[in-house]
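Chemist: Following this message is one structure expressed as structure tokens.
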Amino acid sequence: MNKILLVTRPKYDDTTYYLFHWTKKVIKLADKKGIQILDLKEKRANRKEFESIMLKKQPLLIFLNGHGNVDRVTGQNGEILIKTNDNEVLLKSKIVYALSCKSGKELGHKSIEKGAVAYIGYDDDFIFYFEDNKVSKPLDDKTAKLFIEPSNYVIESLLKGHSVGVSCQRSRQLYKKNIQKLLSIDSSSELIPFLIWDMKHQVCLGDKEGALSKNK
Amino acid sequence: MKDKKEKIKEEIKKLVIARLKVMSSNRKISIGSSGEFSKEELIQHVEREDEVGRKITEVQMEFLKSLKEGIFYEQDTFGYETKI
């Protein structure tokens, strides 16, 4: 298995627009670490390219951004990239992080059954707040940052060579830090219930010891 | 019994709407593939009790349950849990 990071990042609505831009930080880190990056962005986040590059390049780390459901994660314009009882075998021997709704509920488990090393995702909706006047500059949105930064920390930690288990744990610690920060400012903050929701619905399936550094 | 259940449901709805009313008007919320919503839209969804409204209610109820469980005070509640 190759030390390669495959990223899918569609961009066609406010949600995917935010995830698209926030993924840049992850790509920058991977580049800094000397890890090869396969960036399936916008139109390239389609099933044909995804399947082809997965088979040809055999990346170890997969970072899926986009809308999803219990049995799927999608790409540009909602095109299915990976689906239960269809092509989840592509995730065999891979470490997957899906920043997508609900796929941790079924697709994650099926992927592990089919040989994925680990699948980190959400077993319900991933919800985040954003500032209406920051849509054109999502990376300046401090409200969205409270949600997306702890979430993306899973993949950042994996890129730093930490194990799956440690990466999930650190992501949850960042959620907790943000919750505590908000509590200290305004305990009635409307954001807190949703941060707790995302933190509680993050699931970490498969081999917790799996890591990028274990593979040569 | 049915009346009591309905009454509780109405109370919950009122509570959720009251919490949404304090939401900043400059903010929107992204709920996966359901879309992005403003404060006013969220309140309408909760009033209609549709899928989005039920999701918001679920988040708020889970939060209140967390408060009851002492999520802010007990280290273990924030502790690392994995689901296999």
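Chemist: How do the strands (runs of 3 or more DSSP E) wholly within region A:1-109 filter down when requiring 1 or more residues that are over 17 Å from the mean Cα position of the chain (by Cα): which remain?
Modeler: A:2-9, A:36-41
Chemist: How about region B:22-37: which of its residues are of a type in the set (S, T, Y) and either at pLDDT 95 or above or buried (at least 19 other Cβ atoms within 10 Å of the Cβ) (or both)?
Modeler: Selection gives B:S30 alone.
Chemist: Looking at A:A30, A:A45 in this structure, which one is touching a strand residue (DSSP E or B) at 6+ places or on another chain (Cβ under 9 Å) and more than 18 Å from A:N87 (Cβ to Cβ)?
Modeler: Result: A:A30 is the single residue among A:A30, A:A45 that is touching a strand residue (DSSP E or B) at 6+ places or on another chain (Cβ under 9 Å) and more than 18 Å from A:N87 (Cβ to Cβ).
Chemist: From the list A:G34, A:G78, pick out the single residue that is in contact with a His (Cβ under 7 Å, 6 or more places away or on another chain) and surrounded by fewer than 17 Cβ atoms within 10 Å (Cβ to Cβ).
Modeler: Result: A:G78 is the single residue among A:G34, A:G78 that is in contact with a His (Cβ under 7 Å, 6 or more places away or on another chain) and surrounded by fewer than 17 Cβ atoms within 10 Å (Cβ to Cβ).
Chemist: Scan region A:177-216 for residues that are under 30 Å from A:S111 (Cβ atoms), modelled with pLDDT of 90 or more and surrounded by 18 or more Cβ atoms within 10 Å (Cβ to Cβ) and report the count.
Modeler: The number of residues fulfilling the criteria is 19.
Chemist: Next up: Only one of these is in a helix (DSSP H, G or I), more than 9 Å from chain A (Cβ to nearest Cβ), of a type outside the set (D, E) and touching a Gly at 6+ places or on another chain (Cβ under 9 Å): B:K13, B:K4. Name it.
Modeler: B:K13
Chemist: Looking only at region A:112-168, count how many residues are of a type in the set (D, E), free of Cβ contacts under 8 Å to residues at least 12 places away in the same chain and over 24 Å from A:V89 (Cβ atoms).
Modeler: Number satisfying all stated conditions: 2.
Chemist: To continue, here is another question. Determine the pairs where a residue that is in contact (Cβ under 8 Å) with a residue 24 or more places away in the chain, located within region B:7-34, has a partner that is of a type in the set (V, I, T) and in a strand (DSSP E or B) with Cβ atoms under 9 Å apart, the partner being 6 or more residues away or on another chain.
Modeler: Pairs that qualify, where the first residue is in contact (Cβ under 8 Å) with a residue 24 or more places away in the chain and the partner is of a type in the set (V, I, T) and in a strand (DSSP E or B), are B:I31/A:I127.
Chemist: For B:V46, are the conditions met, namely being within 13 Å of the chain's Cα centre (by Cα) and within 13 Å of chain A (Cβ to nearest Cβ)?
Modeler: It is false that B:V46 is within 13 Å of the chain's Cα centre (by Cα) and within 13 Å of chain A (Cβ to nearest Cβ).
Chemist: Could I ask something else about it? Among A:N133, A:N178, which is more than 10 Å from every other protein chain (Cβ to nearest Cβ) and either within 30 Å of B:L15 (Cβ to Cβ) or touching a Ser or Thr at 6+ places or on another chain (Cβ under 6 Å) (or both)?
Modeler: Just a single option satisfies the conditions, and that option is A:N178.
Chemist: Related question: Which residues, taken from region A:157-181, are within 20 Å of A:L61 (Cβ to Cβ) and not polar (S, T, N, Q)?
Modeler: The answer is A:L158, A:L159, A:K160, A:G161, A:H162, A:V164, A:G165, A:V166, A:C168, A:R170, A:R172, A:L174.
Chemist: Going by the structure shown, is A:K33 touching a residue at least 12 places away in the same chain (Cβ under 8 Å) and in contact with an Asp or Glu (Cβ under 6 Å, 6 or more places away or on another chain)?
Modeler: Answer is no for this residue.
The values are calculated or read from the model by the stated rules, or taken from the named source; none is laboratory data. Computed from a predicted structure; not experimentally measured. Note: ideal-geometry Cβ built from the backbone for every residue, glycine included; neighbour counts use all protein chains shown.
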